[in-house]
Amino acid sequence: MQRARANLVLVAALLAGAAVSRARAQDWAALVRDPAARVRWIDADRLEVTPSHGGAARVVSVPELDRAGPARPPASAPAAPSAPAPPAPSMPGPAPGPEPALPPAAAALGGPHAWSPDRRFVVAWEVERAQDHPVHAVESSPQDRVEPRLRTIQYLKPGDRIERRWPRLFRADGTEVPVDRASFAEPWSNDGLRWAADSRSFTFLHNARGHQVLRLVSVDAASGAARTVVEERSDTFVDYAHKSWVHWLGEDELLWMGERDGWNHLYLVDVPAGGVPRQVTAGRWMVRAVERVDFERRELLLRVMGIDPAQDPYHEHFVRVPVDGGEPVRLTEGDGTHELLWSPDGAWYVDTWSRVDLAPVRELRRASDGALLAELGRADASALVAEGWTWPERVVAKGRDGSTDVWGVLWRPRGSAADGTVRPVVECIYAGPQDFHVPKAFAPWHGQRAIADAGFVVAMVDGMGTNWRGKRFHDVCWKNLRDSGLPDHVAWLRAAAATRPWMDMSRVGIYGGSAGGQSALRAMLDFPDVYRVGVADCGCHDNRMDKIWWNELWMGWPVDESYARSSNVTDAARLQGRLMLVVGELDDNVDPSSTLQVSAALVRAGKDHELVVIPGAGHGAAETPYGSMKRLGFLRRHLLGDG
C-alpha cells in the first residue's frame with residue numbers, strides 16, 4: 001500500500017513536470033536507510049534496493065511514462081542520453097579477406113604490424129631495446145626452505161635507457177617509404193596507431209621523453225611526410241598519465257583533452273586543417289573523466305571537479321555537454337561527491353552523494369534535464385554516533401600564499417565529540433602528484449581512525465603540488481617533490497589549531513608510506529619546529545632510486561641537480577626529532593635500498609633513529625599487523641609518553 005501510494009505521487013509529479021516534494025517522498029525515504037544499501041536497476045522502470053544488514057530487498061517501480069505525453073521533455077530540451085556506447089575503435093575495421101604476407105623488411109621489424117585498409121601499405125616498428133637494470137632483494141626467511149632466496153626484478157630508474165619505438169612504412173611490394181622523424185625523434189612512447197579509412201595517412205600519439213610535449217602525428221602514406229595534428233606543450237610537465245584522452249568522432253574530427261588554459265578541458269580538433277582546436281568545455285573547473293560519448297546526439301557525459309565554486313573543489317559532479325557548443329547541463333547538485341547509477345535505457349539515474357561529514361543521500365533524477373524526481377532516502381548514522389563514533393571534521397584554510405584555499409579533514413578519538421581534552425596531533429600524509437588524497441565521501445571507517453582512537457587528533461591535507469586543482473596548483477611539484485605541499489600543511493594546521501584548543505601544536509607527529517614516507521621525513525627535515533616525531537614507511541627518499549615513469553613525469557629528464565635537492569639522503573644529517581624508518585625486505589614498488597640509504601646517512605651523522613625491516617613484507621610494510629603495531633607504539637611512546 002505504501003509503495004502504491006509512492007508510485008501515484010511520483011506519477012502525478014512527473015506529469016506535472018515538477019519534482020516530488022520532500023514531504024511527499026517520505027515513503028521513498030523509508031526504502032533506503034543505510035549507507036551501504038545496494039541499489040540496482042532490474043529493468044528500465046524498476047529499482048531493487050537491498051539493505052546492507054541482510055533484510056529483504058524492496059522493488060521500487062518507476063512509472064512507465066507515455067513518451068508522447070506531458071512528461072516528455074519539450075522539443076527544445078535535450079533528449080535523454082542513450083545507454084553507454086562502446087568507445088570508438090582506434091582503427092577502422094579490417095578490409096575483407098586475409099592480410100597479405102608481410103614484406104621481408106617489415107617482418108624483420110617489431111610489431112604489431114598495421115596494414116592500411118586497402119592493403120597497399122603496412123607499418124612496422126623499429127625497436128631499440130631498454131637497458132637492463134636488475135634490482136636484487138634477499139628473501140631472508142622463505143616459508144618453503146631454510147636457506148634465503150635471491151629475488152631479482154628488472155626495474156628502470158630515472159635516466160636509464162628506455163625502449164624506444166619508431167614507425168617504419170612499407171608498400172605491399174616491400175619498398176620502404178622513408179618517414180620524417182623530426183617531430184617524434186625522442187619518444188617516451190609512440191603508440192595508438194590508426195589508419196585513415198581512405199588509406200592515405202595514419203596517425204599515432206607521440207609522448208616526448210621528459211613529458212613536456214604530447215603530440216598527435218599524422219604521416220602521409222605516399223610521401224612519408226609527418227605533420228602535427230594537435231599537441232599539448234608545457235614548460236613543466238604534461239600530465240599524460242591522468243589527463244590525456246583522444247577520441248575520434250569520424251575521419252575528420254576528434255576530441256582532445258588538455259590543460260592549455262590552465263584547467264583540464266576538452267577540445268574539438270579539425271583533423272585535416274589542424275591548427276588551434278575549438279574549446280568544448282571551459283571555466284575554472286576540471287574535467288575528471290569522460291564517462292560517455294553519444295555519437296548520434298554529439299553529447300558528452302562528463303565527471304567534473306570544481307564546477308560549483310560554493311563547494312569543496314574536489315567534489316565530483318556530473319554534467320552533460322554538447323560537442324558543438326553550449327552550456328553544460330548539471331546532472332548533480334548536492335553539496336558532496338557524487339556517483340550515478342543509470343537505468344538500462346538511460347532515461348533515469350540514481351544519484352548517490354555524500355561527504356565525510358554527511359551520510360549518503362540517494363536521489364532519483366531525470367536524464368533529460370537533471371531534474372530531481374524524488375529523494376529516495378538519507379542514510380542514518382545515529383546508531384554509529386550512539387556507539388561513540390565521531391564525525392570527521394572538514395577544515396578549509398589558506399595555504400602558504402595567504403589566498404589559496406587548502407582543504408583537509410580532522411579525526412578525533414572515539415567518544416570525544418564533546419570532549420575538550422587537549423591531545424597531540426598526528427598528520428597522515430600522502431602528497432603524490434598523481435591525485436588528491438584526502439577522503440571526500442562518507443565512510444564509517446577510514447584508516448586514520450586507528451591512530452585517532454589511540455588518543456590523537458589525526459589530520460590529512462591536500463596541499464599544493466597535488467592534482468585536480470588547476471595547472472598552477474599542480475606545477476608546484478615540478479622538479480620539487482621535496483616540497484610535498486608542506487608549507488600549506490603547516491599553514492593549515494596552525495589555522496585549524498587557532499580555533500580548536502584541543503589540538504596541541506607542541507606535540508605534532510607525522511606518518512606516511514611510499515611517497516608519503518618521503519614526505520614524512522621531509523617534514524621533519526624542513527619543519528623541525530612543527531613535526532617532532534615521524535614514521536616513514538617504504539619511502540622513495542631519493543627519486544633517482546625510484547621507478548622511472550613516476551619520477552620522470554614530475555622531476556623531468558634528463559636527471560639534473562633537482563633530484564639531489566629533493567633527496568632525503570642528502571639532507572638526512574639535519575634530522576632533529578624522533579624518527580622510525582620502516583621497510584619490507586621484498587618491496588618491489590620502491591627499492592628497499594632507498595630506506596636503507598637514509599639509515600646509512602643517519603648513522604654516518606650520528607643521528608639516533610629506529611630502523612624496522614620486516615622479513616617477507618613487500619610495499620606498505622607499516623600496514624601489516626606487525627608494522628602497524630610498531631608505528632602506533634612509536635607515536636604513543638614519543639607523543640603520549642606511553643611506555
Checklist entry - When Rg/Rh (Cα atoms, Kirkwood Rh) is calculated directly from the model, which label among (1) 1.01; (2) 0.98; (3) 1.32 fits? => result (1)
Checklist entry - Dipole of the chain, Cα-centred, from +1 at each Lys and Arg C-beta and -1 at each Asp and Glu C-beta, to the nearest 20 debye? => result 1100
Checklist entry - How much accessible surface does Ile451 have with a 1.4 Å probe, in Å² rounded to 10? => result 10
Item to check | Solvent-accessible area per residue, Å², over the chain with all protein chains present [probe radius 1.4 Å] | outcome: 42
Checklist entry - Leu102 accessible area, nearest 10 Å², 1.4 Å probe? => result 60
Next on the checklist: Keeping all protein chains in the complex and leaving out DNA, RNA and ligands, what accessible area do you get for Asp380 with a 1.4 Å probe, in Å² to the nearest 10?
Outcome noted: 100
Checklist entry - Which pairs in the list Lys398/Lys471; Lys398/Lys630; Lys471/Lys607; Lys243/Lys547; Lys157/Lys630; Lys157/Lys440 are over 28 Å apart, alpha-carbon to alpha-carbon? => result Lys398/Lys630; Lys471/Lys607; Lys157/Lys630; Lys157/Lys440
Checklist entry - Among Glu387, Glu427, what's the order by accessible area (1.4 angstrom probe), most exposed first? => result Glu387, Glu427
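What percentage of the solvent-accessible surface of the chain, computed with a 1.4 Å probe over protein heavy atoms, is contributed by carbon and sulfur atoms?
Details: 14290 of 26850 Å².
Percent of accessible area from carbon and sulfur atoms in the chain: 53.
Looking at region 247-281, which GluC sites (Glu not before Pro) are in a loop (DSSP not H, G, I, E or B) and have at most 16 other Cβ atoms within 10 Å?
Numbers: sites: Glu251, Glu253, Glu259; in loops: Glu251, Glu259.
Hits after loop and neighbour filter: Glu251.
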Checklist entry - According to a simple spin-label model (label point 7 Å from Cα along Cα-to-Cβ), what is the distance in nm between Arg200 and Glu253? => result 1.9
Checklist entry - Which percent, nearest 5, of DSSP beta bridges in the chain are antiparallel? => result 80
Checklist outcome for this item: Expressed in nanometres to one decimal, the distance between label points 7 Å along Cα→Cβ at Ala241 and Met505 is 3.4
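How big is the C-alpha Rg of region 492-542 next to the rule-of-thumb value 2.2 N^0.38 Å, as a ratio?
Numbers: Rg = 12.0 Å, N = 51, 2.2 N^0.38 = 9.8 Å.
Rounded to two decimals, the normalised Rg is 1.22.
If I stretch the segment between Ala105 and Asp419 completely, what's the gain in nm (0.36 nm per residue apart, minus their alpha carbon distance), one decimal?
Roughly 105.3 nm would be gained on extension.
Where does the charge balance sit around Gly633 when Lys and Arg score +1, Asp and Glu -1, over other residues with C-beta under 11 Å from its C-beta? It would help to have the intermediate numbers written out before the result.
Working: positive: Lys630, Arg631, Arg636, Arg637; negative: Glu610, Asp642.
Every neighbour counted, the sum reads +2.
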Checklist entry - Ignoring ligands, DNA and RNA, how do Glu128, Glu163 rank by accessible area with a 1.4 Å probe, largest first? => result Glu163, Glu128
Checklist outcome for this item: So for R0 = 35 Å, FRET eff. of Thr175-Glu296 from the Cβ-Cβ r, to 0.05, ends up at 0.25
Checklist entry - Within region 145-161, whose backbone N sits under 14 Å from a point 7 Å along Cα→Cβ of His136? => result 148-154
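Subtracting the Cα-Cα distance from 0.36 nm times the residue separation, let me have the gained length for Trp549 to Arg494 in nm, one decimal.
Numbers: separation 55, 0.36 × 55 = 19.80 nm, distance 3.52 nm.
Here the answer is 16.3 nm.
So which GluC sites (Glu not before Pro) in region 294-324 are both in a DSSP loop and have at most 12 other Cβ atoms within 10 Å of their Cβ?
Numbers: sites: Glu296, Glu299, Glu316; in loops: Glu296.
Here the sparse-neighbourhood loop sites are Glu296.
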Checklist entry - Can you tell which of Gly606, His113, Val323 lies farthest toward the positive end of the dipole of the chain, using +1 and -1 charges on the Cβ of basic and acidic side chains (Lys, Arg; Asp, Glu)? => result Gly606
Checklist entry - Which length gain, in nm to one decimal place, applies between Gln154 and Gln212 when the Cα-Cα distance is subtracted from 0.36 nm times their residue separation? => result 18.3 nm
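Could you please report the charge total around Ala289, scoring K, R as +1 and D, E as -1 over all other residues with beta-carbon less than 11 angstrom from its beta-carbon?
On the way: positive: Lys243, Arg288, Arg292, Arg303; negative: Glu291, Glu316.
Net charge around Ala289: +2.
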Checklist entry - Roughly how many nanometres apart are two label points built 7 Å out from the Cα toward the Cβ at Arg129 and Lys398? => result 5.9
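The values are calculated or read from the model by the stated rules, or taken from the named source; none is laboratory data. Bear in mind that the values here come from a model prediction, so they are computed numbers and not experimental data. Here Cβ is always computed from backbone atoms with ideal geometry, including for glycine, and neighbour counts include all displayed protein chains. Accessible surface is based on the protein model in full, side chains and every heavy atom, while ligands, DNA and RNA are left aside. Shrake-Rupley method; radii C 1.70, N 1.55, O 1.52, S 1.80 Å.
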